[in-house]
Every structure is written in structure tokens, then in C-alpha cells.
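Peer 1: Okay, here's the structure, questions in a sec.
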Amino acid sequence: MKYVLLTFLFFCFLLVIVKEKKIEVVAENKPLKDYERARCTWAIGKFTTLNVLKYDSNPFKINGYTWRLLLFPKGNRVEYLSVYLGVPDSDSLPEGWTRTAKYSIELINQMDSTKTIKKEIIHQFSAQESYCGFTSFFPLNKLHERNSGYLVNGGCEIEVEIHVIHASPVSSDKPSDSSVPDDRSVGNPVDLDVVESIYSNAKSFLMSVSKESTSVVSDATCVVHSTKDNCARLAKERFNEMISLPLDDFVNPEHETLMVETLSKLGDHLNLFSDEQAKEIMKLKAVFPTSIQEWRDSVQVKVSCQRFLSTFEKTKNLLEGSVKTEEGIKTKLEQLKIREQELKAQLEALQNDSQRLVKERLEVSKQTQKIHALAEEQSGKVKGKEIEIAGAENKLEDLKSIWASIKSLFTEA
């Protein structure tokens, strides 16, 4: 009788499909009454061009409950894609509200569905913890690998399936009339393929109910009614997030204090871990404060040494510059010395030429002196010789006249 009633309810509710599209968020709500389960696909078409620290979807509703997906495209201080599910209208909900949900987040592999990454978690959402998810969801280097299938044409798809286990107070919202398809009365023709599909889905649903009912109740009991276990799980979730952080982040006293508190809580709940992990947690609990102090001391030493090395590097650069300048001056001096030697050789050659010319001039001067004396001696006789020439010329003229007279006596006849 129970299965018949569930089949009837499932058949009725399958006719109600709520689709809410905002930007790139597509939420498909399939009410299952006591089992409030639905799947939402968030298609981010321009993921590779996102240049923001965090990026969230538009709010979407599932059976009256409002949700939102939040991701850190470049990781939340880690080299992983970080994805979270949250309650965006937390501030407007009644004081003391809580909502326990079992949900899974999937990074869809658009080329090979078998490589889709899926992680599940149970969390009690509240005003104090309205967002929860996975800081280290998937390595960024693998996400951006060529032909990995997670990014196609620069876009990725993230899918979340939400199973609301318990909520307080219970939502009174109902799907709007616009989400209900046109009524099909008995008199209207019905496609048998649709009927067959509804029947198959109803049958699959009954099988899933029979298999999941025990575990769902168990999860609800563990999360909602056992505060101790819930705190332990929250501490484990916080530890999983913090253990993925680099040691640099724990220099922040707030992070150190949070880790110490988390390790202290986990010390009473080691059953949540394997034996090997439990031993490491106890070791970490014992040495963590000392390790962080050693880390701080080492960082201080490193910074001091780096500062010294930086100063030394500057000094070395100054020395290199000075040596280079001195080498330039040294080269110029060597060039000048070579030039000086060349000029000395030229000067010596000029001095030798000068001495040779002096000697030649002395010899010529002696000749000049002799010739000068001879010229002076001869110059005293010049006037007499000129008188003699004048007398000789007059005599020659007289002889020419006599000759002309004699010549005319014989030539006139």
C-alpha cells in the first residue's frame, strides 16, 4: 500500500517541472515530498576568461529553498578549483534557522563522463555557516590541461545534487503556477512513450527508495540529532580545508589558533580517520605550535639572510661597476703609453734629421764662405772690367765704321 501511494505521488509530481534560468544557471526541481532531492547544472561558458577572485551563480530554488553555487576560478588560496554550496538569503531567514542537506558537487567531463569528478558531503547550514564545500576540489593544472574534457571552448559545467534531510523552520514556499505545465485531462490524447517513461521512472524511484530510505534516515539522525557528531564532522571539514593551506598562511595567528582548536576537537574523534591518519593528527597536535614557531623563526632567518644577500648583491654590483671603470681607464693609459713611445721614436728621428741637416749646413756654409770671399775679390775688379768692355765696344764700333767705308768703295760700282 505504501509503494502504491508513493507511486501515485511520484506520478503526480513528475508532471510538475520547475525550471529557473538566470544567466547560466539551470535548476531542475523534481519534488519527491519527504525526499527533497534535485539536481542543478551550472554552465559557465566563459570560465577561462574569468579574471575575478570568486564567481557565484544566480540564486535558484529547490522546493522553496534558495541556494547558490560559489567558486574560486583560481583557487581559494590553493592551487585547486574551490567550489561551495551556500544559502544566499541567510540574512532574511528566521533567527535560529538550520538546514541539513546531503549534497554532491560534480565537475562534468564533457568528453568522457567516466572522468567526471564527484565529491559528496553532509552539512548543517546555518546563519553561522551558510556556505560549505570543497576548497581543494580539483587541481587547476589538470583542469586546464589541453583536451582534458573539463574545459570545452573555454567553458565548464558544474552540477550539484541536493538532498534536503531536515530544515527548521520548514519552508512554506510553493512552486509558482507558471512552472506547472498545461493540465492533460483523461479525455486528451496522451503519448504512450511519455506514459512508459513515467512508469519506468516511478519504478526506478521505488527501487531507490527501498535502498536509500535506511541510509537517509541514518544520515538525518547523525547530522540533525547528534550535536557531538555534527561538531566532529564540521571540525574534520575545517581540518581538511586547513591542511591543504601552505605553511605561510599559518604565520597568521588567527589561522594558527583555528588549527590548534580544530586539532584539539579532533583529538576526541579520531574514529573519523584511519589509524595512520589518527597517529599523524596526534603527532601534529603535539608539535604544531612548536613547528609554527620554528617556521616563524626560520622565515625570520630567511628574510634576514635574504636582506643581507640583497645588500651584498648591491655591493657586488657597485664593485663590478668600479672595476669596469678602472679597466677602462687602464686601457686608455696603456694606449697613451704606446702613443708616447711612438712620439718618442718620431722625436728621435726628427732630432737625427736635425743633426744631419746641421752638419750639411756647416759644410755648405764653409763653401759659401769661400765663394763669398772670391766674389768680394772679384767684385773689386768688376768696374775696371766694365771700363775695359766699354773701350772694347767703342773700338769695335770704330772698326765696323772703317769696314763699312771700305766695303762701300767696292760695292757701289
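The numbers here are math on the coordinates, done by the rules we state, and not lab data. This one's a predicted model, so the numbers in the text were calculated from it and none came from an experiment. As a convention, Cβ positions derive from the backbone with ideal geometry for all residues, glycine included, and neighbour counts pool all protein chains shown.
Peer 1: Give me the extension gain from Ser113 to Leu319: residue separation times 0.36 nm, minus the current Cα-Cα distance, reported in nm with one decimal.
Peer 2: On the way: separation 206, 0.36 × 206 = 74.16 nm, distance 6.31 nm.
This chain segment gains 67.9 nm when fully extended.
Peer 1: Say the cut-off is 19 Å between C-alpha atoms; which of Lys265/Lys285; Lys115/Lys142; Lys74/Lys115; Lys54/Lys118; Lys46/Lys74 go over it?
Peer 2: From Lys265/Lys285; Lys115/Lys142; Lys74/Lys115; Lys54/Lys118; Lys46/Lys74, over 19 Å: Lys74/Lys115; Lys54/Lys118.
Peer 1: Sorted from fewest to most neighbouring beta carbons within 10 Å, what does the list Val301, Val152 look like?
Peer 2: Details: Val301 10, Val152 16.
Ranking Val301, Val152 by Cβ neighbours within 10 Å, fewest first, gives Val301, Val152.
Peer 1: Using a simple charge model, +1 on the beta-carbon of Lys and Arg, -1 on the beta-carbon of Asp and Glu, nothing else, what dipole does region 332-380 show about its Cα centre, in debye to the nearest 20? Please list the in-between numbers first.
Peer 2: Working: 9 positive and 9 negative charges, 39 e Å.
Approximately 180 debye in magnitude.
Peer 1: For the residue pair Glu327 and Ser365, what label-to-label distance in nm results when each label sits 7 Å from Cα along the Cα-to-beta-carbon direction?
Peer 2: 5.8
Peer 1: Also, I was wondering about something else. Taking other Cβ within 10 Å of each residue's Cβ, how do Ile121, Ile281, Ile329 sort, fewest first?
Peer 2: Details: Ile121 16, Ile281 21, Ile329 9.
Sorted ascending by nearby Cβ count, the order is Ile329, Ile121, Ile281.
Peer 1: Another question, if that's okay. Show me the ranking of peptides 93-100, 374-381 by mean Cβ neighbours inside 10 Å, starting with the highest.
Peer 2: 93-100, 374-381
Peer 1: I need Leu247, Leu266 ordered by Cβ neighbour count within 10 Å, fewest first. Before the final figure, lay out each step's value.
Peer 2: Numbers: Leu247 11, Leu266 22.
Sorted ascending by nearby Cβ count, the order is Leu247, Leu266.
Peer 1: Right, next: Give me the dipole magnitude in Debye, nearest 20, for region 229-303 about the Cα centre, with unit charges on the beta carbon: positive for Lys and Arg, negative for Asp and Glu.
Peer 2: Values: 9 positive and 14 negative charges, 21 e Å.
My answer is approximately 100 debye.
Peer 1: Suppose each label sits 7 Å from its Cα in the direction of the beta carbon; what would the Glu145-Leu374 distance come out to in nanometres?
Peer 2: According to this spin-label approximation, the distance is 11.7 nm.
Peer 1: Still on this structure, I have one more. Quote to one decimal, in nm, the extra length available between Ala43 and Lys302 on full extension: 0.36 nm per residue of separation minus the C-alpha distance between them. Don't jump to the answer; show the numbers that get you there.
Peer 2: On the way: separation 259, 0.36 × 259 = 93.24 nm, distance 4.54 nm.
Net length gain for the segment: 88.7 nm.
Peer 1: What Kirkwood radius, in Å to one decimal, follows from the Cα pairs of region 267-413? Don't skip to the answer; put the middle values down first.
Peer 2: Values: mean 1/r = 0.0341 Å⁻¹.
Here the Kirkwood hydrodynamic radius works out to 29.3 Å.
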